[in-house]
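The values are calculated or read from the model by the stated rules, or taken from the named source; none is laboratory data. The model shown is predicted, which means the values in this text are computed figures rather than measured ones. Neighbour counts are summed over all protein chains in view; Cβ atoms, including those assigned to glycine, are modelled from backbone coordinates with ideal geometry. These area figures cover heavy atoms from the full protein model, side chains too; ligands, DNA and RNA do not enter into them. Shrake-Rupley method; radii C 1.70, N 1.55, O 1.52, S 1.80 Å.
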Amino acid sequence: MWSPAIGDSFRRATTYSFGSICMASLLVALIRTLESAAASARRNGRGNQILLCIVECILRLIANIAEYFNKWALCYVGLYGYDFLTAGRKVVHLFRERGWSAIISDNLAARVLFLVCLVIGALTGLVGVLLNSITGWATPSLGPDAAIVVFFMCAIIGLSLAWITMGVVLSAVDTVIVSFAEAPQEFEANHPRLCQQMKTAWRLVYPGECSF
């Protein structure tokens with residue numbers, strides 16, 4: 001059954017909270033990209049190690065300052081219409097109160113969805129190669145290497161479109177986690193079977209974190 005809360009959240013997320021969501025997306029993506037780049041350079045031994053240490057320290061300071069700039073705050077913005085900084089403070093306080101530090105740090109859902117995207121990208125590339133072998137549409141312009149070029153072009157397109165779609169799924173997962181942390185009693189009262197399944201699964205994965 002369609003809940004009025006869903007319509008209200010969608011309306012807030014696409015109207016007066018849209019600016020907060022855009023700003024949050026930019027900041028979170030920028031911080032995560034810089035952290036990943038520095039960690040990758042350090043693992044591969046590229047560049048000056050002292051400089052990399054300094055960059056990583058600066059990034060950690062930025063991450064500590066930007067503790068409230070996280071993807072979970074986006075859920076609060078959409079659900080309750082808070083501005084981004086207020087949402088960040090509230091969601092961090094919520095997870096600390098629940099003792100869910102390990103749960104929110106775990107990026108398992110994103111990894112699984114990324115693997116799905118890779119599979120979709122590979123399949124899209126293979127479909128492109130198959131179509132080219134049947135019709136020869138790319139061979140005149142790309143020459144003997146047409147199959148390789150077509151595969152990578154189609155794979156990139158498929159990967160990009162799949163990641164956009166899976167981003168919606170990942171956002172839904174994040175929203176479920178935030179909503180469950182915010183109001184577990186309401187979830188159990190309205191959806192007892194789903195609530196029990198979720199509690200059982202989480203106890204198996206996070207036995208030390210789940211106090212419910």
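Just a yes or no: is a residue in region 105-113 in contact with a Phe, Trp or Tyr (Cβ under 7 Å, 6 or more places away or on another chain), in a helix (DSSP H, G or I), closer than 19 Å to Ala73 by Cα and small (Gly, Ala, Ser)? Walk me through how you get there before you give the answer.
Start the filter on region 105-113 by keeping residues that are in contact with a Phe, Trp or Tyr (Cβ under 7 Å, 6 or more places away or on another chain), which leaves none.
Looking through region 105-113, none of the residues is in contact with a Phe, Trp or Tyr (Cβ under 7 Å, 6 or more places away or on another chain), in a helix (DSSP H, G or I), closer than 19 Å to Ala73 by Cα and small (Gly, Ala, Ser).
Can you tell which of Val116, Val92 is aliphatic (A, V, I, L, M), open to solvent by less than 60 Å² (accessible area, probe 1.4 Å), assigned to a helix (DSSP H, G or I) and modelled with pLDDT of 90 or more? Steps first, answer last, please.
Numbers: Val92 fails: modelled with pLDDT of 90 or more.
Checking each option against the conditions leaves just Val116.
With the requirement that a residue be among the acidic types (Asp, Glu) and either loosely packed, with under 15 Cβ neighbours inside 10 Å or closer than 29 Å to Leu118 by Cα (or both), what does region 166-201 give you?
Restricting attention to region 166-201, the residues satisfying the condition of being among the acidic types (Asp, Glu) are 174, 182, 186, 188.
Of everything in region 166-201, those that are among the acidic types (Asp, Glu) and either loosely packed, with under 15 Cβ neighbours inside 10 Å or closer than 29 Å to Leu118 by Cα (or both) turn out to be Asp174, Glu186.
Step by step: first the residues of region 60-89, then only those that are at pLDDT 70 or above and farther than 24 Å from Ile6 by Cα, then the one that is surrounded by the fewest Cβ atoms within 10 Å (Cβ to Cβ). Which residue is that?
That would be Leu61.
Among the residues of region 173-189, are any without any contact (Cβ under 8 Å) to a residue 40 or more places away in the chain, closer than 30 Å to Gly125 by Cα and among the aliphatic types (A, V, I, L, M)?
Here is the first cut: in region 173-189, the residues without any contact (Cβ under 8 Å) to a residue 40 or more places away in the chain are 176, 180, 183-189.
Filter once more, so that each one left must be closer than 30 Å to Gly125 by Cα: none.
Taking every residue of region 173-189 in turn, none turns out to be without any contact (Cβ under 8 Å) to a residue 40 or more places away in the chain, closer than 30 Å to Gly125 by Cα and among the aliphatic types (A, V, I, L, M).
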